[in-house]
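This report concerns only the one structure given below.
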Amino acid sequence: DSGVTQTPKHLITATGQRVTLRCSPRSGDLSVYWYQQSLDQGLQFLIQYYNGEERAKGNILERFSAQQFPDLHSELNLSSLELGDSALYFCASSVSGAWGEGNIQYFGAGTRLSVL
Amino acid sequence: AQSVSQHNHHVILSEAASLELGCNYSYGGTVNLFWYVQYPGQHLQLLLKYFSGDPLVKGIKGFEAEFIKSKFSFNLRKPSVQWSDTAEYFCAVNADDKIIFGKGTRLHILP
């Protein structure tokens with residue numbers, strides 16, 4: 001168990017809908033990262049938050065947004081869902097917000113999103 | 001643009017065979033390098049990492065990787081694989097406040 005908790009484990013929804021994925025980081029970790037894993041794109045970094053502030057941005061679509069709350073949990077909001085958004089969404093956390101030595105990310109088990 | 005290539009998408013080996021999974025990246029500056037493993041039904045776990053120093057790094061479960069800067073490579077090796085090594089392996093490169101993952105290599109070990 002990595003200590004990173006993601007809910008829900010599975011989510012099935014329809015095109016055009018909006019969903020929210022939740023992530024609770026390991027105790028003491030200030031940074032949260034979101035990733036999308038799909039068959040064709042592989043594992044892609046979406047966005048990073050550190051202590052409530054956006055720190056780094058990857059290949060995140062405009063239809064997607066995230067935030068990190070004062071208790072450090074994070075939510076990833078996916079809207080106007082399309083079939084191609086079906087994927088496994090991972091959250092990871094780390095102590096530091098800096099990318100470099102000591103910044104080891106610990107991953108949650110993921111949320112599997114199916115858009116029908 | 002930075003990219004990470006894992007050449008082998010699917011590798012099948014017998015137990016006790018030696019393993020080498022290739023990873024090449026494209027980026028000219030300073031990088032941090034990682035190998036993650038995802039066992040069936042489980043989350044990603046860090047196998048090993050390279051930040052600086054000795055380019056031969058040892059990780060958990062008998063894995064090691066060698067950073068060859070001139071070849072932009074960070075290949076993962078294990079002298080003798082076990083059935084329990086069946087998993088998907090991801091190489092990742094961190095540079096410029098981003099982390100890029102390779103598309104993964106599925107390793108299947110035959111008992």
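The values are calculated or read from the model by the stated rules, or taken from the named source; none is laboratory data. Keep in mind that this is a model prediction, so the values were computed, not measured. All Cβ positions, glycine included, derive from the backbone under ideal geometry; neighbour counts span all protein chains shown. Surface accessibility is based on the protein's heavy atoms, side chains included, excluding ligands, DNA and RNA. Shrake-Rupley method; radii C 1.70, N 1.55, O 1.52, S 1.80 Å.
Can you find even one residue in segment A:10-18 that is surrounded by fewer than 16 Cβ atoms within 10 Å (Cβ to Cβ), of a type in the set (A, V, I, L, M, F, W, C), more than 12 Å from every other protein chain (Cβ to nearest Cβ) and in contact (Cβ under 8 Å) with a residue 24 or more places away in the chain?
yes
Report whether or not A:L30 is open to solvent by 20 Å² or more (accessible area, probe 1.4 Å) and within 14 Å of chain B (Cβ to nearest Cβ).
In short, no.
How about segment A:1-109: which strands (runs of 3 or more DSSP E) wholly inside it have at least 1 residues that are aliphatic (A, V, I, L, M)?
In segment A:1-109, the matching strands (runs of 3 or more DSSP E) lie at A:10-13, A:19-24, A:31-38, A:42-50, A:53-57, A:64-68, A:74-78, A:87-94.
Among (1) within 14 Å of chain B (Cβ to nearest Cβ); (2) under 30 Å from B:S3 (Cβ atoms), where does A:E82 come up short?
So the condition that A:E82 fails would be (1).
Only strands (runs of 3 or more DSSP E) wholly contained in segment B:1-64 count here; list those with 2 or more residues that are among the polar types (S, T, N, Q).
B:3-5, B:24-26, B:32-38
It is to be established whether one or more residues within segment A:90-105 are of a type in the set (F, W, Y), within 14 Å of chain B (Cβ to nearest Cβ) and in contact with a Ser or Thr (Cβ under 6 Å, 6 or more places away or on another chain).
Within segment A:90-105, none of the residues are of a type in the set (F, W, Y), within 14 Å of chain B (Cβ to nearest Cβ) and in contact with a Ser or Thr (Cβ under 6 Å, 6 or more places away or on another chain).
Hey, does segment A:55-76 have a residue that's touching a residue at least 60 places away in the same chain (Cβ under 8 Å), of a type in the set (S, T, N, Q), more than 8 Å from chain B (Cβ to nearest Cβ) and open to solvent by 20 Å² or more (accessible area, probe 1.4 Å)?
No, segment A:55-76 has no match at all.
Counting only residues that are in contact with an Asp or Glu (Cβ under 6 Å, 6 or more places away or on another chain) and open to solvent by less than 50 Å² (accessible area, probe 1.4 Å), which one in segment B:1-58 is nearest to B:G102 (Cα to Cα)?
Here the answer is B:Q38.
With respect to the numbered conditions (1) polar (S, T, N, Q); (2) more than 14 Å from chain A (Cβ to nearest Cβ); (3) touching a residue at least 60 places away in the same chain (Cβ under 8 Å); (4) surrounded by 13 or more Cβ atoms within 10 Å (Cβ to Cβ), which one is the sole condition not fulfilled by B:T86?
Every listed condition holds for B:T86 apart from (3).
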